[in-house]
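A.B. asks: There's a structure below that I have some questions on.
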Amino acid sequence: MSADNRLGGEALSRLAVIIPNLTLRYSGVTATNRMVAPRIATLLETAWLGRDCAAGVRRIGLGGLLRLRFVAPSAPVVWHARRNIEMAVGVALRAFGWPLTLLFTSLAQRNHKQFTRWLIARMDAVIAGNEKSASYLEPGIRARANVINHGIDTARFHPPADRAAAWREGGLPGRYGIGCFGRIREQKGTDLFVEAMCRLLPRYPDFTAVIIGETTPSERSFGAALEARVAQANLSDRIRFLGFRPGEEIPEWYRRMTIYAFTSRNEGFGLTLLEAMASGCALVAARAGAAEILIQDGEDGVLVDAGNADALAAGLEPLLRDPAAAAAMGARAIKRTAAEFTIDAEVAKIAAVYRTMRGQ
């Protein structure tokens, strides 16, 4: 292995999987790739193309990709796309002779646009992140799709030894945290969370709300309006916008939260659901993404109608009123994720798809 961790020429003939991450923005898809790829790399020769390469995975640069065109690997190399751009690049490379077999993971819970349908039809295999996502695939694609739920890395996302101490280390006021993480945008429902907090926090002074996520240039007016709403409610000290935080910091912020709010109006899966559950947060989740698959309503989380600030506030208030009940719900969530939604189970199923695609 070279010093920069790039895939060497000798390894090209053994290459089994390429994980393309062709985006300039760190997203939930990138986070998923970074969780899955290192584990795949322990099973099959794997290379990462693009930004934010996960530790433990070799990189393949443009030079290596060009050399692959003239290498005869023992079996076709799986090109595992999770975005339109990655599907399109895979289709083009194969058309010009690259030894690729094409896989797409679909998480969307809406009808695909025509170009996306065209791309999916050219994939050799498709993974759907859950049954609902599978239902939006074209009938012929749906019939052969592999449904594989996300898993979570419980070594990375786990409860703290002492949540109260973890909260104090964050340096924020109050005794308990209630979090909402993800890009600050309407689709993510950040406005719903802010509205619910403006109503509830005056009645529950022990809680501070924490919003983590970037505001992109196109969403600055939306973010500014939220901060103005918080200031108008005189809650700027207790509804904190922490902005973008590096990925390595995020698990610790989950461990500081007693309650987590998943507020998306629509979502492909919603990996923050599993991250919060594995961290032992009491979860109040909009019925979007995989919420209804992951959560047993009233047992290890609370489900509320999506896009409804009144419903969100009503779901959150009993937990704000009774932090002990929130802690008990979080403990049940930990058990559920460990039993049913681990990253190792997800990776084993993905690797089986890879092997089938390579004729092994």
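A.B. asks: Give the order of Asp300, Asp162 when sorted by the count of other beta carbons within 10 angstrom, beginning with the fewest.
C.D. replies: The order, fewest Cβ neighbours first, is Asp162, Asp300.
A.B. asks: Taking Lys132 as the anchor, which lysines have their alpha carbon closer than 18 Å to its alpha carbon, excluding any fewer than eight residues away along the same chain?
C.D. replies: Reachable lysines: Lys113.
A.B. asks: Here is a follow-up. Over the stretch 233-360, what is the relative contact order in whole percent, taking alpha-carbon pairs under 8 Å and six or more residues apart?
C.D. replies: Relative contact order here is 23 percent.
A.B. asks: Test of understanding: in a Gaussian network model of the chain with alpha carbons linked when under 10 Å, which of Ala16, Ala224, Ala75 would top the mean-square fluctuation ranking?
C.D. replies: Of Ala16, Ala224, Ala75, the most mobile in the Gaussian network model is Ala224.
A.B. asks: Can I ask one more? Cα gyration tensor of the stretch 158-280, axes a ≥ b ≥ c as square roots of the eigenvalues: rounded (a/c below 1.5), prolate (a/b > b/c) or oblate?
C.D. replies: Oblate, because a/c is 1.5 or more while a/b does not exceed b/c.
A.B. asks: Computed from the coordinates I sent, Cα extents along the principal axes in Å equals one of (i) 60, 54, 39; (ii) 67, 45, 40; (iii) 88, 59, 37. Tell me the label.
C.D. replies: Only one option fits the structure, namely (ii).
A.B. asks: Mind running the shape call on the stretch 288-345? Use the C-alpha gyration tensor, a ≥ b ≥ c as the square roots of the eigenvalues: rounded below 1.5 for a/c, prolate if a/b tops b/c, oblate otherwise.
C.D. replies: oblate
A.B. asks: Going by how many other Cβ atoms sit within 10 Å of their own, how do Val17, Val71 line up, fewest first?
C.D. replies: Val71, Val17
A.B. asks: Picking from Trp118, Trp98, Trp167, which is most flexible by a Gaussian network model of the chain using Cα springs under 10 Å?
C.D. replies: Taking springs between Cα atoms under 10 Å, the residue moving most is Trp118.
A.B. asks: If you take the Cα atoms of the stretch 209-287, find Rg, then find the Kirkwood Rh from the mean of 1/r over all pairs, what is Rg/Rh?
C.D. replies: 0.97
A.B. asks: With a cut-off of 8 Å between alpha carbons and a minimum separation of six or more residues, what is the relative contact order of the chain in percent?
C.D. replies: Taking the mean separation of contacting Cα pairs over the length of the chain, I get 15 percent.
A.B. asks: Roughly how many whole Å is it from the C-alpha centroid of the stretch 341-360 to that of the stretch 106-124?
C.D. replies: Between the Cα centres of the stretch 341-360 and the stretch 106-124 lies a distance of 21 Å.
A.B. asks: Counting Lys and Arg as +1 and Asp and Glu as -1, what is the net charge of the other residues whose Cβ lies under 12 Å from the Cβ of Ala339?
C.D. replies: +1
A.B. asks: While we're on this one: Tell me whether the stretch 1-141 comes out rounded, prolate or oblate; compute the Cα gyration tensor, take square roots of the eigenvalues as a ≥ b ≥ c, and use a/c under 1.5 as the rounded threshold.
C.D. replies: Judged from the Cα gyration tensor, the stretch 1-141 comes out prolate (a/c at least 1.5, a/b above b/c).
A.B. asks: Same structure, new question: Going by how many other Cβ atoms sit within 10 Å of their own, how do Leu274, Leu24, Leu68 line up, fewest first?
C.D. replies: Neighbour counts put them in this order, fewest first: Leu24, Leu68, Leu274.
Values in this text are rule-based calculations from the coordinates and carry no lab data. All values reported here derive from a predicted model rather than from experimental measurement. Positions of Cβ are generated from backbone atoms using ideal geometry, with glycine treated the same way; all protein chains shown enter the neighbour counts.
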